[in-house]
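Derivation of every value follows stated rules applied to the coordinates shown; laboratory data play no part. Only a predicted model underlies this, so the values are computations on that prediction, with no experimental measurement involved. FYI the Cβ positions are ideal-geometry reconstructions off the backbone, even for glycines, and counts take in every protein chain you see.
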Amino acid sequence: MFDAASSPGQNRSPLPPAQPPADGVPTPRPPSGTRERPERQAAPGRPGRQRDAFFDNAKYLAIVLVAMGHSWEPLKGDSRILESAYTVVYAFHMPAFIIISGFFSRNFDMRPDRLKRLVTGVVVPYVLFETAYPLFKSLLTGSHEDISLLDPWYLTWFLVALFVWRLTTPLWKLVRHPLPLAIGIAMLATVSPDIGDDLDLQRVLQFLPYFVLGLCMKPEHFGLVRRRWVRIVSVPVFAAALAVGWWAVPRMNTGWFYHRDSAQELGAPWWCGPVMTLAMMGCSLLLTSCFFAWVPRRTTWFTALGAGTLYGYLLHGFLVKLGDYRGWFDHPWLHRPLGEILVTVLAAAAVTALCTRPVRRVFRFAMEPAMEWAFRQDAVEQARGRSRGSQRVPEKAGV
C-alpha cells in the first residue's frame, strides 16, 4: 500500500479507503480537523455502529479498582480483611484492564497513522511521567531522585508494556498458536532472574498472555460472560475467592500478584515460577470473567469516563504518593474499619474526577499531544487529499 502511495502520479489504481483508528487503551485523539462525532464512533468489530457501553464501563470500573488497591497498600498490614480484599482485587484488576487493551489492539499494524498514535499516546506520556514522578518526590521530600527512562517509576511500567505489546501485535497475529506461545514466554520469564529491572521486562513478559488473549478474543466471547446465570454464579465465586484470600494472607507471598519478580527473587524454587504462572492465570481469568459478568451493558453515568482511564491511571499516582510522602496514611484512625472505608471512597472519587472531560482537557498536552510538527505527512493521506481536490476542480470550472 505504501509503495504505491509513494509515487501517486505513476500509479492509477484507486487509493485505499480510509480505515478507522484502532481503539484501545489509551484512547487516542484523532489528528486535528478529523475528530469524529460521538455518534459516529464505531463499536469494536462493528464498523459504523456506536461504541459499546460495556467496554467503557469495564475500563472505568477496572481503573477504580486499581486506584482502590493502591490506596489500600499503606493500610493493609493492619487488617487481614483488607489484605484479603487486596489480594482478590490484585488477582484480576490489571488482567482485566490488559485483556481489554489487547482486544482494542486487534487492528494495530505498522500503518504510519497508528504508529504516530502509539508514539503520542504511549511513548510521550511515558517520557513525561517518568520524569514527573521523581521530580515530584524530590520536590516534596527534598531528596534528589535520579531520572531514568530505563527504570519505570511506579505506574509507568504499563506504558512500557503497552508499547511493546502493541508493537509486537503483527507478530502475534502471524503465528499459528499465539496464546500458548505467550504463556510459554511468561513461564520462562519467571525462572529468569537475570532479566533485571530495565524497562520492567518481567512485568512486560509475565502479563503478556493477557494481552495476547485480548488480541484473540472476539466481541461474542464477551457476550458469553454477560449471561444471567454467569452473573449469579459470580457471587459465590467471589465469596470463595475472599475466603481463599483470607486463608492465603499469612501463607502466601503477595509478590506473585505483581508479576515483577522471578521465582528465585521471591525466595521460591525455580519450578514454582511456571506452576504459579498457570495457577495465577487460571484464578485471574476466572475472577476477570466474574468481573465482566457484573459490568453493566447499558449506558450509565460513568460510561463516558471510560474514555479517560489512562488519565485516571497516571494522575492518581500523584495523589497516592502525596499522601505517602506527607504521612497521611500514618494516622492511626485510618487503620480502623471506618478509616479504611473512607480511604477507599476517596480513592474511587479521586480517580473518577481524574477521568472527567475538564481534567482531560487540562492534561491533554501530556497524554494525547497532537505533535503534527514532529511527523512527516503520510503519502497516502497526501494523495487522498489531492484526489479529493482534483474532483472538485471541474465543478468550479463549470460555474
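Suppose every K and R has +1 on its Cβ and every D and E has -1 on its Cβ; what is the size of the dipole of segment 40-398 about the Cα centre, in Debye to the nearest 20?
In debye, rounded to 20, segment 40-398 gives about 2140.
Which whole number of Å³ per residue matches the convex hull of the alpha-carbon atoms in segment 292-348?
Output value, Cα hull per residue: 108 Å³.
In whole Hz and in residue order, list the ³J(HN,Hα) couplings for segment 282-299 that follow from phi through the Karplus curve 6.51 cos²θ - 1.76 cosθ + 1.60, θ = phi - 60°; x for Gly and Pro.
x, 5, 4, 5, 5, 5, 5, 4, 5, 5, 4, 5, 8, 5, x, 8, 8, 6
Working only with C-alpha atoms, what are the Rg and Dmax values of segment 40-398, expressed in angstrom?
22.0, 84
Starting at the first residue of segment 356-367, write each ³J(HN,Hα) from the Karplus equation 6.51 cos²θ - 1.76 cosθ + 1.60 with θ = phi - 60°, in whole Hz, x for Gly and Pro.
Calculated HN-Hα couplings, in order: 6, 4, x, 5, 5, 5, 5, 9, 4, 4, 9, 9 Hz.
Counting only other residues whose beta carbon sits under 14 Å from that of residue 355, what net charge do I get with K and R as +1, D and E as -1?
Once all neighbours under 14 Å are counted, the net charge is +3.
Within segment 248-284, which chymotrypsin sites (Phe, Trp or Tyr not before Pro) sit in a loop by DSSP and count at most 15 neighbouring Cβ atoms inside 10 Å?
Loop-located and lightly packed - 270, 271.
Based on the alpha carbon coordinates of segment 101-213, what radius of gyration and maximum Cα-Cα distance (Dmax) apply, in Å?
Answer for segment 101-213, Rg first and Dmax second: 15.8, 53 Å.
Bins of 5 Å, beginning at zero and ending with the bin holding the largest distance: percent of Cα pairs per bin for segment 200-266, please.
4, 13, 13, 14, 17, 20, 13, 5, 0
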